[in-house]
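The values are calculated or read from the model by the stated rules, or taken from the named source; none is laboratory data. On a predicted model such as this, the values are computed, not experimentally measured, just so you know. When we count neighbours, we look across all protein chains shown, and the Cβ atoms used for this are built from the backbone with ideal geometry, even at glycine. Just the protein is used for accessible areas: all its heavy atoms, side chains included, with ligands, DNA and RNA removed. Shrake-Rupley method; radii C 1.70, N 1.55, O 1.52, S 1.80 Å.
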Amino acid sequence: MGKKIVILNGSPRPNGNTSALVKSFTQGAQSAGNTVTEFFLDRMNIHGCKGCFGGHSSRECPCVQKDDMAQIYPAVKECDVIVFATPLYYWNMSGQIRTAIDRLFALEEGDGNLLRGQGRCCALLMAAEGNAFEDVLLYYDHLAEHLRWKNLGHVLAGKNGGIGDIQGKPELQQAYDLGKSIQ
C-alpha cells in the first residue's frame, strides 16, 4: 500500500526550478504507488504565526487563525511523508515555506501532539542560484530531529539562477529517484 505524501512547495514560481524538482519527485513517488498532495504556498493565503499558544491539535482547524492553513492541516495529520520544497533565499528557505512550517506548530499544541513522531518521514528539495545550502541543511536536520521524523534525504540543485536552468541536470533524476524510493 502506498504512502500519503504532502509537498509544501515554497517557490513563488509555478514553473521554476524548485517546481521542476517537485514534478520529478512526484512522478517518482506516484510510479511507486504513492499518493501525492502538493500545496503551492505562494498562491495560498497564509498568515504568520502569532505565537499565541491558542492552538489545539485535535480541532479540525487547530490554529486560531482562519486562513488557507485549514487546507494543509488535515493533509499533514494524515500523511506519512512531508516534503519541503523551496528555493534558497538569503541562505534560508523562502518566506512562504517558513511561514507554513511555523504554523504547523498548532498541531503540537493543546490536547494531543499530532505532529511530532507519528512515524512520519521528511525530505527536502531545493534549487538555488549558488551552492550555500549549509545553513538550511542545519535547520532542516534540527527540525527533523525535533519532530522525530525519519529524514529520507534531500536533493540540492545549485547553479540554477534562471527559470529552467535545471532542465537536463542530474538533480531532476535524483528527485525522481528519491520519490520512487518511498514505499
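For every residue, the table says whether it meets (1) under 28 Å from Gln167 (Cα atoms); (2) touching a residue at least 24 places away in the same chain (Cβ under 8 Å); (3) hydrophobic (A, V, I, L, M, F, W, C).
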position	(1), (2), (3)
Lys3	yes, yes, no
Asn15	yes, yes, no
Ala29	yes, yes, yes
Val36	yes, yes, yes
Phe40	yes, yes, yes
Ser57	no, yes, no
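From the list Asp111, Asp102, pick out the single residue that is assigned to a helix (DSSP H, G or I), out of contact with any helix residue (DSSP H, G or I) (no Cβ under 9 Å at 6 or more places or on another chain), of a type outside the set (A, V, I, L, M, F, W, C) and open to solvent by 30 Å² or more (accessible area, probe 1.4 Å).
After applying the criteria, what remains is Asp102.
Consider Gly164 carefully, then state whether it is out of contact with any Cys (no Cβ under 7 Å at 6 or more places or on another chain), surrounded by 15 or more Cβ atoms within 10 Å (Cβ to Cβ) and in contact (Cβ under 8 Å) with a residue 24 or more places away in the chain.
Spelling it out, it is not the case that Gly164 is out of contact with any Cys (no Cβ under 7 Å at 6 or more places or on another chain), surrounded by 15 or more Cβ atoms within 10 Å (Cβ to Cβ) and in contact (Cβ under 8 Å) with a residue 24 or more places away in the chain.
Is at least one residue of the stretch 40-48 within 12 Å of the chain's Cα centre (by Cα) and crowded, with 17+ Cβ neighbours inside 10 Å?
Yes.
Which of the residues that make up the stretch 114-160 are in a strand (DSSP E or B) and either open to solvent by less than 10 Å² (accessible area, probe 1.4 Å) or not hydrophobic (A, V, I, L, M, F, W, C) (or both)? So that I can check it myself, show each step before the final result.
Our first condition is that a residue be in a strand (DSSP E or B); within the stretch 114-160, this holds for 121-127, 150-157.
Once the filter is applied, which keeps residues that are in a strand (DSSP E or B) and either open to solvent by less than 10 Å² (accessible area, probe 1.4 Å) or not hydrophobic (A, V, I, L, M, F, W, C) (or both), the stretch 114-160 yields Cys122, Ala123, Leu124, Leu125, Met126, Ala127, Lys150, Asn151, Gly153, His154, Val155, Ala157.
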